[in-house]
1. Cα-Cα over 32 Å: which of A:K4/A:K70; A:K57/A:K267; A:K153/B:K172; A:K179/B:K182; A:K103/A:K506; A:K46/A:K131?
2. Please report the antiparallel percentage of the DSSP beta bridges confined to the protein assembly as shown, to the nearest 5.
3. Are there trypsin sites (Lys or Arg not before Pro) in the range A:170-202 that DSSP puts in a loop and that have at most 14 other Cβ atoms within 10 Å, and which ones?
4. Towards the positive end of the charge dipole of chain A, with charges on Cβ (+1 Lys, Arg; -1 Asp, Glu), say which of A:L167, A:A190, A:A279 has the farthest Cα.
5. Of B:Y53, B:V150, A:I384, which is farthest towards the positive pole of the protein assembly as shown's charge dipole, taken about the Cα centre with +1 and -1 on the beta-carbons of Lys, Arg and Asp, Glu respectively?
6. Using a Gaussian network model of chain B whose springs link C-alpha atoms within less than 10 Å, name the residue from B:S66, B:S159, B:S89 with the highest mean-square fluctuation.
7. To the nearest 0.05, what FRET efficiency results for A:C496 and B:S110 with a Förster distance of 30 Å applied to their C-beta separation?
8. Cβ under 13 Å from A:W318's Cβ, A:W318 left aside: what net charge do those residues give with Lys, Arg +1 and Asp, Glu -1?
Amino acid sequence: MVLKVFFPSCCSSADSGILIGRWISEQNSAVILAVVHFPFIPVQVKQYLGEVQRGTKVSVSVLGSWSNSKQEKEESLSEFLEDLGTIFCHEPWIQISKEGDSKFWSCSILQKHSKNPQEEEIILVYYDQRKVMLSHLHPPLDTAGQRAEDASKLSAIFDTVARSQVLFMTDRYDEGPIKLTHWQSDGVEASIIVELLKQASVPACMLLTFLLSLLSGICRSRVLKFWPLSFLWSKLSTCEQLGHRLQHLQVISSNKKAQNQNQLMRKANIFVSLLIDVALGILLMSWLYRKNRIGHLADTLIPVADHVAEELQDLLQWLMGAPAGLKMNRALDQVLGRFFLYHIHLWISYIHLLSPFIEMILWYVGLSACLGLTVALCILSDIIALLTFHIYCFYVYGARLYCLKIYGLSSLWRLFRGKKWNVLRQRVDSCSYDLDQLFIGTLLFTILLFLLPTTALYYLVFTLLRLLVVIVQGLIHLLVDLIDSLPLYSLILRLCRSYRLAAGVKFRVLEQQDGKPLRLLMQINPLSYGGVVQTYRLPTYSCYPRDSWASLCKKLFLGELIYPWKHKGDKQN
Amino acid sequence: MADERRFLSASGVPIALRRRQHSASCRELAVRGPRLQLRSLSAATSAVWLAAYGLFALCENSMVLSAAIFITLIGLIIYLHFVKIDQESLLVIGSLGIQVTSAYASGKESTTFIEMGQVKDVVINEAIHMQKVIYYLCILLQDPEDPQGVSEVVPLFQSSKPRLDCLIEVYKSCQEILEQRKTAPQSS
């Protein structure tokens, strides 16, 4: 069997001593965590290891000896090291020795109770202790169904190093009986800024939680639950987005520490996303309020609404004539056209009524852009929805009319053929009609059939307009979702500290020498950017699209009202 | 110990197989394809620039020329960094695993390491590729639930597509190391 020794590259130049680490017998591999230097008292070493074991739940033990001799190999030292093997009895006892500055070390194993005395091949794998400790493995498969023994070998090694953080807390300036060499032995790293932030975050979180509880209390109060207001809140996408952000703030400001890596990353992602959102919103706000752009926007809003109304009027005049050379039924055409024209006239008067207040409303609404770019985009989407409300109304009228016509036609067609829809059995049955029923039915059928082109044309035109508005709103919502769900902190981490997010490892074969063990360098293979986005995506409140293309076309054909963008809270129909 | 032999790929392009034995249980097999030729690069660049000059002569807008230069540069960078694979190598370390590396012309290396516990076997398979039937080497991954089943097939040397004679050499080298894990005494 091959014996694998994972040696930290920081200990390559350490003085002679004994090796401590973890022995993983299932994989026949030894993970070296540190080197304990002479002089030491074996009892104290065992005591220290016992403490470490209790603290970290990692079975740390003395694995072997390490000798780094600057001059020629000393015979007495090697005997001394072999004797150490009897004091710290560990099976197998690994002896690594380095001569001078040579890169090629000699490794040997002492097995006292071995059943098969054959020569074992040794593989020496160097690893960067700090990077492996901080790294987090992302297994491609879901490990929900795996047993502990099936867990990958690499995750056992990463786990061992990550959990032994206590061992790395003592450096060489500590006055203790044990002198260790590991990655932090030259001085424990700490950052004042990080410590200050940690201290400051506790009262900040408490304040934020208090404010949020006040806010959610107000939101949940009975006053806002009355019917017109609650209907309004559910229709405006701004309120949904604000609610979503409120939830995010609650997640960040909770006092519980994150249990595992996923929760920590999620909190960090939400925090960075909020920060960037608010920063972009404030940038937008400063751009809008400079040079009185809001005033200009308000000034152009009314003419734009007028222009849209005029275009619609032209469109209706065109439909009332002979659109695209088609011949319409004059009477129905005039009725529908005049009805819609009057509607537009009402709408324009409404807008003109509001015109003196538009600038002030826009000014105050623009202030809410400081809550975030996503909120500003949602407000834009809501303004578009309000300004094109008449198009929505026309679409509903046209659709309902067309829908009635289609249902009437289909039912009368069945009558024409002598069949009837059985509501009880939900199927078409044959039925014998009286003569007068047949006569009136056929008459009505003919009337509806010949009026169909007119209604169908109005329906088609207004559906296309409505779809245009829906597509524009949908694009804005897509952008909002993108900003909401992008895990910015994880992406920045992957860019700057790519070893923290590991998809696996990669090995590089170092220079070899005959007779010496195989030397490999283990490096961290970082997760790809696509993998990062997929793993750490933040959940959003909407999902698209609700209908497949086939059912969308069917609904359009039958004249049913379509709402292509579904929100998670909506009931499925 | 290293040796290098020349073979042909499935499309007739000359490739080179280099074998290195680092130790008794560690072997590295690298297949190197032909490098980017200067004449094909100049041919592509000249074609793009001639087309740009033609357009410029038609519409008298100098933006066309700068756009052509820009497109050529960006296209070349994308091609070298994401498309052109120079060398594909397989590092088999008995008792650790198999590492598959692809080295791109710009120096980028993309690596995947598969642990030995997940590897069921390395086999040569046949596949229908466009209008040809080609042989390819692949690693079969073990299904954790079903000991007889295969959960995934990882094809190797996809960009250089060596022919059967080269694949047989690689197959023999891999199997020598994989056999060691069967003959080695299993730890309880």
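The values are calculated or read from the model by the stated rules, or taken from the named source; none is laboratory data. Note that the coordinates shown come from a computational prediction; the quantities given were computed from them, not determined experimentally. FYI the Cβ positions are ideal-geometry reconstructions off the backbone, even for glycines, and counts take in every protein chain you see. Only protein heavy atoms, including side chains, enter the accessible area calculation; ligands, DNA and RNA are left aside. Shrake-Rupley method; radii C 1.70, N 1.55, O 1.52, S 1.80 Å.
1. A:K179/B:K182, as the Cα separations exceed 32 Å there.
2. The answer is about 80 percent antiparallel.
3. Sites meeting the loop and neighbour criteria: A:R172.
4. A:A279
5. A:I384
6. It is B:S66.
7. Numbers: r = 20 Å, r/R0 = 0.68.
Once the sixth-power term is evaluated, E becomes 0.90.
8. On the way: positive: none; negative: A:E310, A:E311, A:D314, A:D333.
Around A:W318, the charge tally is -4.
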